[in-house]
Amino acid sequence: MALLAAADEVFTSHGPDAPLDEIARRAGVGNATLYRHFPTRRDLLVAVCVDEVEALCSLGERLESHAPARDALTQWLRAYIDHVSSKNGLAAAFATGRREDSELVASCQAAITAVGTALLRRAQLEGAVRSSVGLQDLITLVNAIAMATESGGRGEANRLLTLVLEGVSSAPARGPQR
């Protein structure tokens, strides 16, 4: 849907308080059409976030069945970092304390956890990642990478993700390099 694509683009560049008129303009529709589909800003934010989580989960499912385990986990974690770092405060817009927000966040987290756990388990079964590594550990680390590199760009995020993945690798650690 053009409205969701435009909203994602505008929210990504201007944050959750971006002008809704700009979203309608970029989608090629009038304000009335935007409000007919999304009566409140929150409704539009929810639709964008749910759409993004669904895309991230679909990517994980495709990677799980087609890519080598370590590559699948790496690609999915990169996409996760991109998702978190590009949203420019969108997640904070849900920190309202409203029950429906908590339910939405819990539902999105459950979907992410299911896909991430499957990718991690597969990498562990194939010996690419130590069995002691938990998904929550990886999610915490990649969230930190996303926040730390929000303005630094993808290269810095990739470098830090590589360091994390080397740290959780089941390959024996190398001694100091001389």
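Our helix-only sum for the chain, with -39,500 (n - 2.57) per DSSP H run of n ≥ 4 divided by its residues, gives a mean residue ellipticity at 222 nm of -24000 deg cm²/dmol.
Distance between the 7 Å Cα→Cβ label points at residue 110 and residue 26: 3.1 nm. For the chain, what's the relative contact order in percent, using C-alpha pairs closer than 8 Å and at least 6 residues apart? Reported relative contact order: 23 percent. Once the Cα atoms of helix 99-125 and of the chain are each reduced to a long axis, what angle between those two axes, in degrees from 0 to 90 to the nearest 10, is obtained? Value to nearest ten degrees: 30. List the relative contact order of segment 1-80 as a percent without decimals, with contacts defined as Cα pairs under 8 Å and 6+ residues apart. Averaging sequence separation for qualifying contacts and normalising by length gives 24 percent for segment 1-80.
Over the chain, what portion of Cα pair distances is larger than 25 Å, expressed as a whole percent? Value for the chain (Cα pairs over 25 Å): 41 percent.
Quick one: Cα centre-to-centre distance for segment 97-168 and segment 1-69, in angstrom? Spelled out, the Cα-based centre of one part sits 22 Å from the other.
Taking the longest Cα principal axis of the chain as reference, the axis of helix 41-66 is set at about 30 degrees.
Taken together, the values in this text are just the output of simple stated rules run on the coordinates, not laboratory data. Just so you know, these numbers come straight off a predicted model, no measurement behind them. When we count neighbours, we look across all protein chains shown, and the Cβ atoms used for this are built from the backbone with ideal geometry, even at glycine.
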